[in-house]
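The values are calculated or read from the model by the stated rules, or taken from the named source; none is laboratory data. All values reported here derive from a predicted model rather than from experimental measurement. Methodologically, a virtual Cβ is constructed for each residue, glycine included, from the backbone with ideal geometry; neighbour enumeration extends over all protein chains shown.
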Amino acid sequence: MNPSSSQTWSQRFESALHPAIARFNASISFDIELIEYDITGSQAHAQMLAHTGIISAEEGATLVEGLEAVRQEYRQGQFTPGIESEDVHFAVERRLTELVGDVGKKLHTARSRNDQVGTTRAFI
């Protein structure tokens, strides 16, 4: 797979990111260690979105269950994202969306990437 073909920002450019730049930019090789924390924080965020009515209770439950499925896939060695995922946060969100469909895209509602990184790192 072309490392940049599945990047969230890749549609903005006519050509793919040079493979050396994609490798340089990717942090997945070391931040994958944060996956359990990222999933736990994302489950809490999904619950908050549902509790406040930003998303429905059903959507919240779908997100929480989908995130748990991602966790189990990772623990069983069935989910092993590479540099095409760039970082652990994007890898989890992409896999979640593959599992639960478009509702997975709602996980970022009311949360920036900086919020996500800060929350994840607060666990360690």
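Structure values in brief
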read-out	value
Within region 69-79, tally of residues that are in contact (Cβ under 8 Å) with a residue 24 or more places away in the chain and either of a type in the set (A, V, I, L, M, F, W, C) or exposed (fewer than 13 other Cβ atoms within 10 Å of the Cβ) (or both)	2
Region 41-68, subset small (G, A, S) and under 16 Å from E98 (Cβ atoms), residue surrounded by the most Cβ atoms within 10 Å (Cβ to Cβ)	S42
Unique residue being on the phi < 0 side of the Ramachandran plot and either among the charged types (D, E, K, R) or modelled with pLDDT under 70 (or both) when the list is H45, H18	H18
Filter pass, A61 being assigned to a helix (DSSP H, G or I) and touching a residue at least 12 places away in the same chain (Cβ under 8 Å)	no
Pair list, Cβ < 9 Å and 6+ apart or interchain, from region 110-124 residues that are without any contact (Cβ under 8 Å) to a residue 60 or more places away in the chain to residues that are among the polar types (S, T, N, Q) and surrounded by 15 or more Cβ atoms within 10 Å (Cβ to Cβ)	none
Residue among G104, G118 that is buried (at least 18 other Cβ atoms within 10 Å of the Cβ) and assigned to a helix (DSSP H, G or I)	G104
F13 being of a type in the set (F, W, Y), surrounded by fewer than 13 Cβ atoms within 10 Å (Cβ to Cβ) and modelled with pLDDT of 60 or more	no
Test for E84: is it at pLDDT 95 or above and part of a helix (DSSP H, G or I)	no
